[in-house]
1. Among the residues of region 252-274, write down those that are modelled with pLDDT of 90 or more, over 16 Å from Gln219 (Cβ atoms) and either aliphatic (A, V, I, L, M) or in a loop (DSSP other than H, G, I, E, B) (or both).
2. Out of Lys209, Lys213, Lys180, I need the residue that is within 25 Å of Val347 (Cα to Cα), modelled with pLDDT under 90 and touching a Gly at 6+ places or on another chain (Cβ under 7 Å). Which one?
3. Quick check on region 68-97: of everything there that is touching a Ser or Thr at 6+ places or on another chain (Cβ under 8 Å) and part of a strand (DSSP E or B), which residue is surrounded by the most Cβ atoms within 10 Å (Cβ to Cβ)?
4. Let me confirm something: among Glu456, Glu464, Glu516, Glu521, which residue is within 30 Å of Gly385 (Cα to Cα) and either of a type in the set (Asp, Glu) or not assigned by TED's automatic domain parsing to the domain that holds Ile293 (or both)?
5. For Pro199, only one of the following conditions fails: (1) touching a Phe, Trp or Tyr at 6+ places or on another chain (Cβ under 8 Å); (2) surrounded by 15 or more Cβ atoms within 10 Å (Cβ to Cβ). What is its number?
6. For Glu480, are the conditions met, namely being at pLDDT below 95 and either over 30 Å from Leu37 (Cα atoms) or out of contact with any strand residue (DSSP E or B) (no Cβ under 8 Å at 6 or more places or on another chain) (or both)?
7. The conditions are (1) assigned to a helix (DSSP H, G or I); (2) touching a residue at least 24 places away in the same chain (Cβ under 8 Å); (3) touching an Asp or Glu at 6+ places or on another chain (Cβ under 8 Å); (4) not assigned by TED's automatic domain parsing to the domain that holds His542, and Val226 fails exactly one of them. Which is it?
8. Of everything in region 511-529 that's surrounded by 16 or more Cβ atoms within 10 Å (Cβ to Cβ) and farther than 18 Å from Trp432 by Cβ, which residue is farthest from the chain's Cα centre (by Cα)?
Amino acid sequence: MPDMGLGNLFSQEILEKFEIRDIRMTHLVDRSRIFALPTNAALNRKESYYIYRTKEFPVWRICTDTKKHQTSVLYNGENKEGKCPECGNVGEPVRFIIACPDGHMDDIPWDWAVHGKEQGIKCCGWFYWRGGGSSVGSIEIECPTCHKKTTMGMIYAWNWRCTGRFPEREYSNAQPWRPKGCSSDMKIIQRQATNLRIPEILTLLTIPKYDTKIARIIQGRSISTVFQVLDSAGVLDENPFKKALEGELKKNMLFKETYDIIDEYISDNGWEQFLKLYRDLLPKDGVYRDMLIEEFRSLQNASEDGYTSDGNGNFSMKKSKEISVNIPPGRLAFKIAGIDVLRTVTVQKGYRRMPYMKSEGEPESNRMIPVAAKEHGSGENWLPGFESLGEGIFITSSENPLNPSIPAVNEWDATKTNSMDEDMRDPLFVWWHTLSHALIRALSLYSGYSSSALRERVYLDDSEGRKQGGILIYTVMSGEDGGMGGLTGTVTGFGDILTNAIKSISLCSNDPLCIEQRITEKNCNGAACHSCLLISETSCEHRNMWLDRHLILGD
């Protein structure tokens with residue numbers, strides 16, 4: 001699509017140049033390929049050259065130059081090249097739009113909002129915009145021709161018929177396309193609101209099993225393609241495989257060094273072992289939760305004796321140390337392990353709009369809009385993503401921190417009935433998630449990182465009949481620099497940090513209002529607020545949901 005997104009740069013050649021290879025993530029996103037969004041510098045283009053095509057939205061603007069006109073002016077920027085009809089200045093885009101929970105979005109039909117069914121056919125087409133103090137609802141919009149007026153309070157109260165429009169899918173120079181047909185109502189929402197576009201993001205760690213030199217080669221595009229072609233043809237054997245590699249070598253599609261490493265591995269370990277390694281690296285059919293359990297077990301195993309990837313690996317972990325901390329109702333033993341190097345791959349599958357929820361308390365009921373784009377030459381789907389390096393701390397315990405007699409445990413168990421988020425409402429998951437937030441806030445005082453720079457990963461493994469949980473607190477950054485050692489350096493005195501984290505949530509400045517909150521089916525948090533537990537939404541994997549001080553405090 002030449003006039004949308006990357007335009008002509010959205011080609012197989014460019015996409016493969018910026019491809020991010022991760023066999024687990026590719027499997028998780030239904031075999032879509034992943035690419036990093038290119039920059040001007042990466043494409044060797046001048047900074048003034050625009051590589052992304054965008055469409056202006058919303059087109060209605062407000063001119064606030066009251067020196068040239070007595071009151072602010074609301075006008076359609078498409079009609080006069082964005083210029084105010086009164087003074088000729090270019091105003092700012094209006095901050096109110098309409099959206100529906102099925103992902104559609106559009107400009108507010110201001111003419112209809114002011115004139116109703118009469119549509120103001122003979123009027124000038126622009127309006128006076130008068131602020132009414134601190135309340136948005138008291139803003140007054142008036143037609144200067146017929147003097148009909150309304151307020152934002154009245155407009156907010158209406159249910160608007162959905163137009164079915166996706167502005168982000170329109171060509172930059174095309175007229176808006178409004179197919180209608182959507183049964184959901186549209187509601188007023190501010191265009192800067194975070195709930196207007198909530199990304200659906202998946203993040204996976206590169207774990208030791210997938211990070212040996214030979215494993216990285218097998219996951220490469222050229223080698224994995226050879227495996228797939230021979231496997232589908234039913235001739236996946238040593239001789240056909242080597243002949244195929246020799247063919248790739250002659251076409252300069254394979255480095256001689258890569259060929260030699262594979263040949264050496266087969267000579268030393270045998271074809272059957274090489275084939276078994278390939279089969280083991282193929283992700284098993286499963287969901288995101290299964291991948292998290294695989295990560296959790298891999299981190300547990302690596303922390304037993306420590307682990308460092310060979311070559312230029314993406315994972316290095318120290319041996320865990322044990323500490324005991326007083327946590328109600330008694331003392332609890334933790335295992336803490338520093339991770340010097342870790343790699344993450346993050347992909348955006350789509351997004352949701354949340355002007356309101358279709359089903360009370362169930363965000364997933366709002367439609368997810370996929371962002372996968374098809375490359376027309378190959379017909380393959382591509383998703384945007386990025387890879388990062390960093391450091392982290394892995395924390396787990398072989399003991400169960402929850403006493404079944406704690407009232408909060410029974411309360412959380414009771415909310416799991418008919419819930420779409422049953423795993424997240426598990427009391428053990430909530431316990432670890434609450435501890436994670438408390439630790440992130442405490443670590444910001446010791447590690448040199450702000451709390452917004454730290455991220456979390458909460459694990460719950462109940463696949464073998466025994467529940468076990470853990471958390472990974474980490475920081476990553478794009479590029480090859482990784483972390484600065486601030487997190488792993490806190491492992492030595494982590495007992496004090498853990499103790500301080502627990503003390504910090506024993507009291508809240510919003511108590512008793514905060515501590516009196518109990519979990520019910522209609523909410524997603526117990527005792528948790530911005531003063532004690534909530535953190536930056538970029539740090540929390542679960543949008544600051546599934547938290548409760550009562551579980552940690554044992555009441």
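The values are calculated or read from the model by the stated rules, or taken from the named source; none is laboratory data. In this text the structure is predicted, and so the values were computed from the model without any measurement. Methodologically, a virtual Cβ is constructed for each residue, glycine included, from the backbone with ideal geometry; neighbour enumeration extends over all protein chains shown.
1. Ile266, Gly270
2. Lys213
3. Ser72
4. Working: Glu464 fails: within 30 Å of Gly385 (Cα to Cα); Glu516 fails: within 30 Å of Gly385 (Cα to Cα); Glu521 fails: within 30 Å of Gly385 (Cα to Cα).
Among Glu456, Glu464, Glu516, Glu521, only Glu456 is within 30 Å of Gly385 (Cα to Cα) and either of a type in the set (Asp, Glu) or not assigned by TED's automatic domain parsing to the domain that holds Ile293 (or both).
5. The one condition Pro199 does not meet is (2).
6. Criteria not met by Glu480.
7. All conditions are met except number (2).
8. Ile515
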